[in-house]
Every structure is written in structure tokens, then in C-alpha cells.
Amino acid sequence: SGESGAGKTESTKLLLQHIMNLCKGNSQLEQQILQVNPLLEAFGNAQTVMNDNSSRFGKYIQLRFQKNTVRGAKLSEYLLEKSRVVQQDTGERNFHIFYYMFAGLSLEEKEMYGLLDPSLYRYISGRFGTQDVAQRWKHKYQEVCNALDMVGFQEQEQVDMQAILAGVLSLGNVTFEPEESNGSVKVSEASRGWLKAAAVDVLRQLVCCVPCSPWSPSVSCCCSLCADARDSIAKVAYGRVFGWIVCKINELLAENVDSEVELREIGILDIFGFENFAVNRFEQLCINLANEQLQHFFNHHIFQLEQATYKEEELPWETITFNNNQAILNLLLAKPLGLMSLLDEQSAFPQATDKTFVDKLNSSFKGNLHFQPGRSHVLGFSIIHYAGKVQYTAGGFLEKNRDTLPANVRGLFIKSITPLLSVLFTGKSLCYVLWLAGLLIFLCPRQHSLMVLMERMYSANPHFVRCIKPNNQKEPGVVDSQMVLLQLRYNGLLETIRIRRDGFSWRPSFEEFAER
């Protein structure tokens with residue numbers, strides 16, 4: 001765990017390499033496990049203002065062992081930041097894979113996928129990179145291709161996957177305009193070429209059946225609804241591709257042993273870090289909620305269980321206090337009046353807006369020490385998290401929480417002429433996507449996925465790897481002492497050191513002690 005950019009993903013990769021080196025087992029399986037990382041980073045990581053290679057999803061890697069040899073692995077993913085596909089803030093980029101494709105595909109391949117100059121595409125904000133950066137992306141694209149081959153993706157599957165990604169980019173350039181003859185909405189003449197390039201008849205049919213809002217039955221409203229539907233299609237398509245990649249990885253890495261054989265397990269959780277940007281949205285709230293829960297788990301394990309053990313052993317002990325973040329979790333997760341419950345309640349009302357949601361928060365949490373109403377012209381609110389105050393912009397909260405796709409779209413996807421796109425939306429594929437390591441995490445509410453994750457954490461014997469971010473400039477060899485000290489304090493590491501120093505700093509088993 002640690003802040004965004006503190007080195008969690010890099011530490012995870014080093015830890016995996018270390019474990020593989022210790023095992024000296026199935027060399028092909030070990031290489032396949034290591035090759036998973038560049039694949040996941042290409043499709044699940046992106047540049048943010050805090051980190052050039054930021055994980056925009058959480059992953060839990062389970063390594064299965066038999067007699068100290070790796071026999072298989074399983075990957076769980078959750079809370080992919082799908083909204084990044086259609087929108088990025090200033091100084092940020094879309095997922096890496098889009099840029100790798102532009103840099104790595106040949107002219108013939110780009111023509112086959114209908115890809116033009118990258119500056120034309122709205123979903124990547126018309127931003128590309130310098131020649132040096134493009135060369136680095138070209139190299140990364142080759143790494144991704146090698147990883148796809150090693151993990152076991154068929155050539156046609158790779159072609160279909162890139163066709164879908166290219167279609168998503170073209171889809172983002174489709175715009176809408178009023179139909180003068182009857183007052184309805186149509187795809188604008190200027191963007192019909194993009195619709196054809198996207199190879200998605202779904203949208204053309206969808207335009208005819210997106211209803212106008214009964215509260216604002218204007219043509220401009222219908223145009224907005226069609227644009228929202230376009231973005232929903234893009235987000236869902238990308239999310240399904242990502243889930244499919246994870247499923248394919250799990251099929252390949254599954255252990256091939258007798259079901260009666262007992263396997264031991266090491267699990268590694270690499271989760272997105274605490275985030276506080278200039279503009280914080282629904283995604284940042286979900287990310288920071290996950291970090292609040294993990295901090296509470298750390299507190300419970302280190303401070304409560306640890307000190308209880310010392311007292312049970314009758315060690316002379318003066319209780320050490322710590323910053324308990326239970327009150328913040330109550331604010332966020334309590335039922336029926338926690339922030340997330342209120343968000344779900346408001347999302348269920350068609351008439352509700354982001355403003356009615358914020359008004360509900362202001363009245364429900366008046367006087368709460370961890371909540372502050374918005375004080376600017378921007379609709380929002382602030383939460384005093386364990387790591388500090390974060391101001392959230394409430395625009396889009398309800399729409400992102402609903403995460404809905406027009407009902408008729410799934411059927412249209414199933415009929416797609418692109419084989420993989422059809423497979424991604426059939427019932428059988430959906431079951432595979434949902435059933436990852438026993439976690440119903442791909443389409444379920446984010447609270448449920450986090451709850452299942454925490455149950456898994458509490459049932460394990462945890463070791464905490466705290467990653468400390470040295471500076472905010474993303475510079476090597478520079479340590480900002482005040483920034484480091486702040487992290488040590490809000491993480492509770494100073495109190496942890498005191499507990500371990502005054503208690504049992506070295507913990508051999510009785511057998512180890514007797515042998516020594």
C-alpha cells in the first residue's frame with residue numbers, strides 16, 4: 001500500500017521475481033506468470049499527474065504452491081477506472097495500450113483497423129508524444145505482443161481485440177445533430193465516416209431508440225443522451241475486453257494437479273494508492289474508500305490484535321493509542337445513512353440529480369467532523385480522510401454509480417460481425433468474466449467487491465509492505481523529508497515501530513527457537 005506513485009506495482013513485480021527465483025520450479029509457468037505484468041499494465045495502467053504508470057485498477061495475485069514449487073496462479077481484478085476511456089483531465093492520458101498501438105502498428109495494420117492520425121481522436125484528447133516517447137511506446141507494443149503470444153492468445157483473438165480498441169477510438173468521434181424534418185436526433189453528417197470506421201451498427205440503431213428526458217424533452221437533451229450512450233458503449237466494450245484478458249490469463253495459469261492435492265498459497269494485493277488531485281471525482285472516492293478500509297485492516301492487525309497478544313502473554317504493557325479511522329468508514333459505509341447508501345438511494349430515483357445528492361449529504365452529515373460542505377461555485381463536498389482532506393467534485397456521481405447501458409445494446413453486440421465482440425457479450429462469456437477467484441467483481445457494486453476482498457484479507461496471515469513516496473516531482477534520488485514524515489505519521493508507522501520495538505520484534509516459532 002501507499003500513495004499513488006509510491007512504487008507499489010514495481011515492488012509487486014520485484015516480489016514476484018524474487019518468489020519465482022526461490023522456487024526453481026516449472027520454468028515455463030514462471031515465465032508466463034511474469035509475462036502477465038506487462039500485459040496488465042498496458043491495458044490497466046495510465047499516466048496521471050501523480051504517476052506516469054499509475055494502476056487504474058486493483059489486482060490480487062494468488063500463487064499456488066506444492067512442496068515449494070509454483071503449480072498455478074490466479075488473478076482477480078476490480079474497480080477498473082472505465083471512465084478514463086472517454087475522459088482524461090489535463091496532464092493525464094488514456095490507458096497505455098491506445099498509444100502503444102499507434103506507435104507499434106505498421107501502416108498496413110493501421111489501415112486494416114481504420115486508424116488515422118492520433119491527433120484526430122477525442123478519446124485520447126488529441127495528445128500524442130515526442131519522437132523519443134513514440135519510440136519507447138513502439139518497444140512497449142512489441143512487449144505486449146510477445147506477452148500475448150506467451151500467455152496463449154490466438155492470432156485471430158489478437159486481431160479482433162485490436163479491432164475493438166480501434167473501434168472504441170473511432171466511436172468517440174461520433175457526434176449528433178437535430179433532424180430538421182421531425183425534430184429527432186441523428187448522427188451528424190461530419191462524423192458518419194467515424195461511425196463507419198467504428199464498425200458499430202449498435203450506435204446507429206441506438207440513436208433511434210434513446211428517449212428524451214421527460215423533464216427536459218428538448219433536442220439538445222436528446223443529443224446529450226446519445227453522447228452519454230456512445231460513451232457508455234465505449235466504456236463497457238473496453239471493460240469487457242479487460243475482463244476477457246484476465247479470464248484468458250487465469251485459464252492459462254490454472255494449476256493442473258489432482259483436486260485432492262493440498263496447495264498452499266501466497267497472495268499479493270497491489271491496490272491503487274490514496275489520491276488527491278486538483279479535481280477529484282467518483283473514481284477518487286472509490287479509490288480512497290478502498291484505502292480507508294485497508295488502513296483500518298492495518299490498524300486492527302497491528303494495534304488491536306498485536307497489543308491483545310502482548311497482554312495475553314502478560315508482558316508489562318502500556319496501551320499505545322493510534323488514529324482510528326472507524327468514524328470515517330462509518331461516514332462512508334454505514335447503512336442506511338452512510339454516503340454510499342445515500343448515493344445508491346439517489347441513483348434509484350430517475351428525478352434525482354447530483355445536486356439533490358449533495359443536498360442530501362449536507363443535511364445528513366451536518367456537524368460531522370469528517371465531512372465539509374462545498375464552499376465554491378463548483379458542486380461538491382470534502383471528506384477528511386485518514387491521509388488528509390480531499391475535495392470532491394460531485395458532477396457525474398449518479399451517472400457513474402448507475403453505470404448503466406441501454407437495454408437493447410447487449411443484443412446488438414451479440415450480433416456483431418466481430419467474433420470476439422459477440423463472444424464478450426454472450427451469457428457464457430459473462431459467467432467467465434464474473435467468476436474470478438470466487439469473486440463476483442466485474443459488474444457487481446463496488447461495495448460488494450471491496451467487502452469480499454476484505455474478508456479474504458482478514459482470513460489470511462498478512463505481511464504489510466508500506467511504500468513511501470519520496471517526492472511529488474517524480475524525480476529519482478530526491479527525498480522530501482517533510483513529505484516522507486507526513487506519510488509515516490498518517491500511516492501509523494511511527495506507532496507501529498514503537499509497538500514492535502517494545503514488544504516482540506523477532507518471532508521465531510517454538511521449533512525454530514528450540515533448534516537454535
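The values are calculated or read from the model by the stated rules, or taken from the named source; none is laboratory data. None of these values were measured; they are calculated from a predicted model. Positions of Cβ are generated from backbone atoms using ideal geometry, with glycine treated the same way; all protein chains shown enter the neighbour counts. Note: areas computed on protein heavy atoms with side chains; ligands, DNA, RNA excluded. Shrake-Rupley method; radii C 1.70, N 1.55, O 1.52, S 1.80 Å.
Run down 328, 320 and say which single residue is over 29 Å from the mean Cα position of the chain (by Cα) and in contact (Cβ under 8 Å) with a residue 24 or more places away in the chain.
320
Can we say residue 305 is under 30 Å from residue 503 (Cβ atoms), among the aliphatic types (A, V, I, L, M) and assigned to a loop (DSSP other than H, G, I, E, B)? Don't jump to the end; show me each part of the working.
Details: under 30 Å from residue 503 (Cβ atoms): yes; among the aliphatic types (A, V, I, L, M): yes; assigned to a loop (DSSP other than H, G, I, E, B): no.
So residue 305 does not fit the description; no.
Return the residues of region 395-404 that are open to solvent by 40 Å² or more (accessible area, probe 1.4 Å) and among the polar types (S, T, N, Q); say none if nothing qualifies.
The answer is 404, and nothing else.
Is it the case that residue 475 is under 24 Å from residue 6 (Cα atoms), acidic (Asp, Glu) and either in the same structural domain as residue 341 (by the TED database) or part of a loop (DSSP other than H, G, I, E, B) (or both)?
Here the answer is yes, as residue 475 does meet what is asked.
If you take the residues in region 66-82 that are free of Cβ contacts under 8 Å to residues at least 60 places away in the same chain and part of a loop (DSSP other than H, G, I, E, B), which one is farthest from residue 94 (Cα to Cα)?
67
If you check every pair at least six apart or on different chains, which have Cβ atoms under 7 Å apart with a residue in region 361-380 that is assigned to a loop (DSSP other than H, G, I, E, B) first and a residue that is surrounded by fewer than 17 Cβ atoms within 10 Å (Cβ to Cβ) and not β-branched (Val, Ile, Thr) second?
370/327; 379/355
Scan region 337-355 and give yes if some residue there is within 30 Å of residue 485 (Cβ to Cβ), surrounded by fewer than 17 Cβ atoms within 10 Å (Cβ to Cβ) and not small (Gly, Ala, Ser), otherwise no.
Looking through region 337-355, none of the residues is within 30 Å of residue 485 (Cβ to Cβ), surrounded by fewer than 17 Cβ atoms within 10 Å (Cβ to Cβ) and not small (Gly, Ala, Ser).
This table checks each residue for (1) open to solvent by less than 30 Å² (accessible area, probe 1.4 Å); (2) touching a His at 6+ places or on another chain (Cβ under 8 Å).
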position: 45; (1), (2): yes, yes
position: 55; (1), (2): yes, no
position: 65; (1), (2): yes, no
position: 68; (1), (2): no, no
position: 92; (1), (2): yes, no
position: 109; (1), (2): no, no
position: 117; (1), (2): no, no
position: 121; (1), (2): yes, no
position: 139; (1), (2): no, no
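Being out of contact with any helix residue (DSSP H, G or I) (no Cβ under 9 Å at 6 or more places or on another chain) and surrounded by 15 or more Cβ atoms within 10 Å (Cβ to Cβ) is the filter; apply it to region 448-466 and report the residue that is modelled with the highest pLDDT.
456
I need the full set of residues from region 296-323 which are among the charged types (D, E, K, R) and open to solvent by 50 Å² or more (accessible area, probe 1.4 Å), in order please.
Within region 296-323, 311, 312, 313, 314, 318 meet the criteria.
When the residues of region 361-394 are narrowed to those that are modelled with pLDDT under 95 and either under 25 Å from the mean Cα position of the chain (by Cα) or not assigned by the TED database to the domain that holds residue 291 (or both), which ends up most open to solvent (accessible area, probe 1.4 Å)?
Selected residue: 386.
Count, please, the residues in region 464-496 that happen to be of a type in the set (Gly, Ala, Ser) and without any contact (Cβ under 8 Å) to a residue 24 or more places away in the chain. Let's see the steps before the verdict.
Going residue by residue through region 464-496, those that are of a type in the set (Gly, Ala, Ser) are 477, 481, 492.
Remaining after also requiring without any contact (Cβ under 8 Å) to a residue 24 or more places away in the chain: 477, 481.
Residues flagged as of a type in the set (Gly, Ala, Ser) and without any contact (Cβ under 8 Å) to a residue 24 or more places away in the chain within region 464-496 amount to 2.
Given the residues 193, 167, which is the only one that is open to solvent by 40 Å² or more (accessible area, probe 1.4 Å), in a helix (DSSP H, G or I) and either within 15 Å of residue 123 (Cβ to Cβ) or not assigned by the TED database to the domain that holds residue 85 (or both)?
Every option except 193 fails the conditions.
Taking interchain pairs and intrachain pairs at least six residues apart, which have beta carbon atoms under 6 angstrom, with the first residue in region 297-315 and within 14 Å of residue 495 (Cα to Cα) and the second at pLDDT 85 or above and open to solvent by less than 10 Å² (accessible area, probe 1.4 Å)?
The qualifying pairs are 306/499.
Condition check ((1) part of a helix (DSSP H, G or I); (2) of a type in the set (Asp, Glu)) across all residues:
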| site | (1), (2) |
| --- | --- |
| 1 | no, no |
| 10 | yes, yes |
| 31 | yes, no |
| 35 | yes, no |
| 51 | no, no |
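Going by what's in this entry, would residue 129 be described as free of Cβ contacts under 8 Å to residues at least 60 places away in the same chain and either under 17 Å from residue 45 (Cβ atoms) or assigned by the TED database to the domain that holds residue 27 (or both)?
Taking the combined requirement at face value, the residue satisfies it.
Just the residues that are within 21 Å of residue 57 (Cβ to Cβ) and either in contact with a His (Cβ under 7 Å, 6 or more places away or on another chain) or small (Gly, Ala, Ser) (or both), please, taken from region 255-272.
267
Can you tell me which of (1) touching an Asp or Glu at 6+ places or on another chain (Cβ under 9 Å); (2) surrounded by fewer than 18 Cβ atoms within 10 Å (Cβ to Cβ); (3) not aliphatic (A, V, I, L, M) is the one residue 267 doesn't meet?
Only one criterion is unmet by residue 267, namely (1).
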